[in-house]
Amino acid sequence: MKNMKNSTRIITALALIATLCSCSLFKTAQKDEAPVAAKETARELWTENTTRTVATNVRYEIDLDTLTGNGYTFELPESMNADIDSLLNSWQARNMLHKFDGEGAESEPVQITDTMYAKRLAALPTIVRMPYNNMVRACIDRYTKKGRSQVSYLLGISEYYFPIIEEEIDRIGVPRELKYLPIIESALNPKAASRAGAKGLWQFMFHTGKLYGLKANNYIDERFDPVKATSAALHYLKDLYDMFQNWELAIAAYNCGPGNVKKAILRSGGSTDFWKIYPWLPRETRGYLPGFIAASYIMTYYEDHGICPMKPELPIATDTIHVNRNLHFNQIVEVCGADIQELRALNPQFLKDIIPGENETYVLRLTNNTITKFVENEDTVYKHNADKYFPKANIEKMLKDAKENNGAGNMIRHKIKNGETLGSIAIKYRVSVKQIMKWNNLKNSNIRAGKYLKIYK
């Protein structure tokens, strides 16, 4: 009888939570920040009620909005609204995926209980915590209802990108579930560009990309390079983990910057739990970790929701060559018979179909068939219509334009605080240590509290 009463209470509580959630989760027109007094009340309620047991060894974490009704809104990641038609029109999709056969993409969503969601998330073999709450549920619902076709696409295209990401994960030594982050960042689109100017699979901003070695100039933007951008992103995440000693906070900082996470920690009273600092984070970051958890869930349990992946062809065999001379994609097309769209898709980092290789060696990815023809006719390829594609009058300007921009803009005077290093300051402003040293004529990394540094943004 006691067990029956407990079960009844749980079911009643879950029903109440679902009802309240439907009224509060998407009130985006409400004021983003609640009054201070309301926040304090919310914090107290959160502390008292954050965890409820719904099944053996399963934790159900209650949404702050449900408890307080104070309208702490969050934004779904941009990638969840990615245009499926545009994704399906990419070269990779057209050449590696079978079209929808109508099986699964349009089938009726399957009804799953909150308890089952919590159990499934708890069963995932992850290092990053995967709790279940109303924010996570909202993101899962997005994928399992409106986003079913997108999930089918993601499952198929991941056969191409996940091996690239997993290889870097193993090399760098970070949690394997981080491979799902590019789903939230870009919907696995290497040419994705956000409203804020972030680009590529991992949505690097310009300065952060430069900090982690990604070149960006008029001819090349390595934020679009799947391999280099993946390596840079995972190193950045590892650095953020070293800073916070917490993967949830590292993921949050990847989205909004470590400075915003540190502010949220201070405003929460010093908590280092993402779900407790949630009200003090930017709106887009409040939805970022829930979106990541939802992506991890749906990429694992898609079959339980009646979603069928787009069936991938065997990946097209590719390899890389080193280019140390100026080269235009049209030279490869005209001599080797390659497809221009194929070249652009495999090498999205080259913005103008040009590789300015005279002063620097670059890596070019080609299909194995094209590589064979290129190697057999290498000198012919470079000489083919060279005067047309690289007139002598334009070469000097091209090479000058291909040099990296130092990124100097508005100057900020930063007062050095106790405990700060050039590395932590660089991360804060999303610039590189080398840039700070150059701007301030520093011969080494030694700095003193109380002094000022010039930072250009």
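The values are calculated or read from the model by the stated rules, or taken from the named source; none is laboratory data. In this text, all values refer to a predicted model and were calculated from it rather than measured experimentally. Note that each Cβ is placed from the backbone with ideal geometry, even for glycine, and that neighbours are counted across all protein chains shown.
Just to be sure I understand, how many residues within the stretch 203-239 are touching a Pro at 6+ places or on another chain (Cβ under 6 Å) and either among the hydrophobic types (A, V, I, L, M, F, W, C) or over 16 Å from Leu178 (Cα atoms) (or both)?
2
Hand me the list of helices (runs of 4 or more DSSP H) wholly inside the stretch 326-383 holding 2 or more residues that are assigned by TED's automatic domain parsing to the domain that holds Leu201 and farther than 22 Å from Gly200 by Cβ.
Output list is empty.
Are there helices (runs of 4 or more DSSP H) fully within the stretch 121-197 with at least 1 residues that are among the basic types (Lys, Arg)? List them.
Once the helices (runs of 4 or more DSSP H) in the stretch 121-197 are filtered for at least 1 residues that are among the basic types (Lys, Arg), what remains is 134-144, 148-172.
Given the residues Glu177, Glu159, which is the only one that is under 27 Å from Asp225 (Cα atoms) and modelled with pLDDT of 95 or more? Spell out the reasoning first.
Working: Glu159 fails: modelled with pLDDT of 95 or more.
The conditions single out Glu177.
What are the residues in the stretch 133-161 that are charged (D, E, K, R) and out of contact with any Pro (no Cβ under 6 Å at 6 or more places or on another chain), if any? Spell out how you get there, then give the answer.
We begin by selecting, within the stretch 133-161, every residue charged (D, E, K, R); these are 137, 141-142, 145-146, 148, 159.
Passing the criteria: Arg137, Asp141, Arg142, Lys146, Arg148.
Per-residue answers, yes or no, for (1) modelled with pLDDT under 80; (2) in the same structural domain as Thr367 (by TED's automatic domain parsing); (3) surrounded by 13 or more Cβ atoms within 10 Å (Cβ to Cβ):
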| position | (1), (2), (3) |
| --- | --- |
| Ile62 | yes, no, yes |
| Trp91 | yes, no, yes |
| Lys99 | yes, no, no |
| Lys119 | no, no, yes |
| Leu124 | no, no, yes |
| Ile127 | no, no, no |
| Met130 | no, no, yes |
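Looking at (1) over 21 Å from Leu181 (Cβ atoms); (2) at pLDDT 95 or above, can you tell me which one Trp280 breaks?
Of (1) over 21 Å from Leu181 (Cβ atoms); (2) at pLDDT 95 or above, only one is false for Trp280: (2).
Six or more apart or on different chains, Cβ atoms under 6 Å: show the pairs whose first residue is in the stretch 77-88 and within 14 Å of Tyr288 (Cβ to Cβ) and whose second is among the basic types (Lys, Arg).
These pairs meet every condition: Met80/Arg142.
Lys210 - would you say it is basic (Lys, Arg), assigned by TED's automatic domain parsing to the domain that holds Ala253 and more than 24 Å from Phe329 (Cβ to Cβ)?
yes
Here is a yes/no grid of residues against (1) touching a residue at least 24 places away in the same chain (Cβ under 8 Å); (2) exposed (fewer than 14 other Cβ atoms within 10 Å of the Cβ); (3) touching a Ser or Thr at 6+ places or on another chain (Cβ under 6 Å):
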| position | (1), (2), (3) |
| --- | --- |
| Thr318 | yes, no, yes |
| His328 | yes, no, no |
| Gln331 | yes, no, no |
| Ile355 | yes, no, no |
| Asn359 | yes, yes, no |
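In this structure, is Ile395 closer than 30 Å to Trp439 by Cβ, out of contact with any Ser or Thr (no Cβ under 7 Å at 6 or more places or on another chain), at pLDDT below 85 and not in a loop (DSSP other than H, G, I, E, B)?
It is false that Ile395 is closer than 30 Å to Trp439 by Cβ, out of contact with any Ser or Thr (no Cβ under 7 Å at 6 or more places or on another chain), at pLDDT below 85 and not in a loop (DSSP other than H, G, I, E, B).
If we only count helices (runs of 4 or more DSSP H) wholly inside the stretch 210-303, which ones have 2 or more residues that are of a type in the set (Phe, Trp, Tyr) and touching a residue at least 12 places away in the same chain (Cβ under 8 Å)?
226-244, 247-256, 274-277, 288-301
Among the residues of the stretch 187-204, is there at least one that is surrounded by fewer than 17 Cβ atoms within 10 Å (Cβ to Cβ), among the aliphatic types (A, V, I, L, M) and touching a Phe, Trp or Tyr at 6+ places or on another chain (Cβ under 8 Å)?
no
Name the residues in the stretch 70-89 that are assigned to a loop (DSSP other than H, G, I, E, B), under 20 Å from Gly287 (Cα atoms) and at pLDDT 75 or above, would you?
Glu75, Leu76, Pro77, Ala82, Asp83
Residues are listed down the side, and each one gets a yes or a no for (1) more than 25 Å from Leu188 (Cβ to Cβ); (2) under 19 Å from the mean Cα position of the chain (by Cα):
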residue	(1), (2)
His235	no, yes
Leu240	no, yes
Gln245	yes, no
Tyr254	no, yes
Pro258	yes, yes
Leu266	yes, no
Asp273	yes, no
Arg283	no, yes
